[in-house]
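Following: one structure in structure tokens, then a few remarks.
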Amino acid sequence: MTLKERFPLPWILFAAAIIALPLVTSSSYLIGVMIFIALYGAVAVGMGVLNEQAGLFSLAHPTWFGLGAYAAGIVATRGIAPPWMGVIMGALFVALLSYSIGAPLLRLRGFYLANATFALLLIVEILLAQLGPITGGHEGLLGIPPLSFAGFTFETDRHYYFVAWGLCLGTLWFLYNLMNSRFGRAIKAFSDSEVAASSMGINVPRYKLYVFILTAVMASLAGSIFCFYLRFTQPGVFGFPLLVELITMIIIGGGKTLYGPLLGAFVITWLREAIHMYLKDLLPRMTAEVDAIFFGILIIVILIFMPGGLAGWVSQLGRVSRRVFGKAGRA
Amino acid sequence: MAKPVGPDLILQASGVRKYFGGIHALEDVAFSVKAGAILSMIGPNGAGKTTFINVVSGIYAPDAGEIRFQGQDIAGLPAHLVAARGIGRTFQLEELFGSLSVLENVMVGCHTRMRAGMFAAGFSLPSMRREDRQMREEAMQDLAMVGLDGRAHDAISQLPLGERKLVGIARALAMKPTLLMLDEPAGGLAAHEVDRLVRLLYTLLDNGLTLFIVEHNMPFVMSISEHIVVLDEGAKIAEGPPGEIRANEDVIKAYLGEEH
């Protein structure tokens, strides 16, 4: 990759805007929403790579996110290790678990893999609620201390804003490099044709496992930051509603591109905020189910009019304009 | 390209058997491929030709038999290990990677010659970038070999069938194989494209490659092959130089049916 390809201009501008935002605004509401976008976005981007680019339709991402949150939270709250060690221990735990679960499950394809990983999501949600002495049960884990590292304690929203966006942009950068390398080509190759990919010398089962574990660990890291930001976790946060939300982000943003799911995270998170703000008089009890109605309609509309999601639509616009202006330029 | 070891037989198949339930796709097939030569396998539809390629390349494990490549038994080895030993192949229906560009398809062929792991790639380490650049150049050379370097950055879907077949060959060449197995390379090609293919195959032969071709196009097979193996209903019914095969009673029967 050339330098221009390694650091595309739109990305640099985006990163600059992200860094500049807390310097120009003092709205803690805005900062708070942006933290959620960063964390959900990081999970959705990894899930998009796994589901859409590697073609492995796994529904376990809310689980990895939740286990990362719980592992870090438990380690920090029970004083097993400093909070920042909890983040690393959570990642290691999720890596180990996703390895031992992925090794047998990744033999399944398509709908069957989705089914099996969905079962995992339900099982973990129940376990988190039932293992009261360890997880705090239905009430959740309370009194999680703030994240601290090398004598610095992350206390304000602004601190977490930078941690969350650092993680999100780091995830994007890592996956961008990865997808433009030997590794990424191998992943796209086996999603197109496993037979051809293995005949080119790609160890397909191993690469499936690699990308499964990698995106699980990325979700786990986001979950750990999430728990330190909220200082609280609950089993229901990591269940079916979050799964629907992540899938909606991927579909609306467009999972065939790396930035699509992050775009989706922006749209969905702000849409939910808008729904809650403008419809709270009409619908006094705004629950995840009410959100789901709006997201459902949005998914249908997007699938009909922009099958590639917003990102697919953007790149199509680019192609069309290049064709139009390219021809005009030559004439 | 690596010189084959031992005698000049690069591939030796003996007693190769593959059943799919009651269907005897391959029934004790035995023959050898001479290094640096072109050997073709012909036979009516459903004779087991593609199954044989799939068994050699490790897509299927044979139910019985031995397949020796450069003297070592590779029967039952998984496909990616067979590929790493130096057997490249193409596919009857191309099986190109639609989400990758033409050049990237060929670069997938470089996979076994590259080292970069997940972290080197993700953190974009200089060693990884150097390797990627070098392989990109080599892949361009492989594309130039088949005459498609001008279309390196096109999508696969933009290419006509004849050029897709050539991308399949370039992708296999990028593996720097010792033996190249081509599954119906001339299928669906126009006459001038077949001529181009023949010239390409002779160039590959001059470069030291051994070619194993499965084909339907008789004039093509007869003109290019030194040795032909004929398969019918999973069993070998004849073997020899083109002149002999053309006159063989069993072969004529298999292709035209029994006279009544």
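Read the figures in this text as sums done on the coordinates, not as results from a lab. Bear in mind that the values here come from a model prediction, so they are computed numbers and not experimental data. Here the Cβ positions follow ideal geometry from the backbone for every residue, glycine too, while neighbour counts run over all protein chains shown.
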Whole-percent pair-distance distribution, where bins are 10 Å wide, for the alpha carbons of segment A:239-331:
16, 39, 25, 12, 6, 2, 0
As a test of the formula, what do you get for the protein assembly as shown when each DSSP H run with n ≥ 4 contributes -39,500 (n - 2.57) and the sum is divided by the residue count, at 222 nm and rounded to the nearest 500 deg cm²/dmol?
-18500 deg cm²/dmol
For chain B, take the alpha-carbon Rg, divide it by the Kirkwood Rh, and send me Rg/Rh.
0.99
How far, in nm, would the chain grow between residue B:28 and residue B:218 when pulled straight, counting 0.36 nm per residue and subtracting the alpha carbon separation?
65.9 nm
Can you compute the modelled spin-label distance between residue A:13 and residue A:30, with each label point 7 Å from Cα toward Cβ, in nm?
1.9
Neighbours of residue A:292 by Cβ distance under 12 Å: Lys/Arg at +1, Asp/Glu at -1, summed charge -2
Of the listed links A:208/B:34; A:208/B:18; A:188/B:236; A:188/B:49; B:176/B:253, those spanning more than 32 angstrom between alpha carbons are A:208/B:34; A:188/B:236; B:176/B:253
Using a Gaussian network model of chain B with C-alpha springs under 10 Å, which one of B:127, B:157, B:101 is most mobile by mean-square fluctuation?
B:127
Picking from B:216, B:153, B:227, which is most flexible by a Gaussian network model of chain B using Cα springs under 10 Å?
B:153
In nm, to one decimal, how far is the modelled label at residue A:152 from the one at residue A:282, with both set 7 Å along Cα→Cβ?
4.5
Taking alpha-carbon centroids only, segment A:84-141 lies from segment A:6-62 a number of Å equal to 23
Let me check against my output: what whole-number percent is the relative contact order of chain A, with C-alpha pairs under 8 Å and at least 6 apart?
28
Environment charge of residue A:52, counting only residues whose C-beta is closer than 14 Å and scoring Lys/Arg +1, Asp/Glu -1:
+1
Could you work out the relative contact order of segment A:34-155? I mean the mean sequence separation of Cα pairs under 8 Å and 6+ apart, divided by the number of residues, in percent.
27
Tell me the relative contact order for chain B as a rounded percent, counting alpha carbon contacts under 8 Å between residues six or more apart.
27
As a test, work out the antiparallel percent of DSSP beta bridges whose residues both lie in chain B, rounded to the nearest 5.
55
Total formal charge among the other residues, if their Cβ is under 10 angstrom from that of residue B:18, Lys/Arg +1 and Asp/Glu -1
-1
With a point put 7 Å past each Cα toward its Cβ, work out how far residue A:325 is from residue A:81 in nm, to one decimal.
5.1
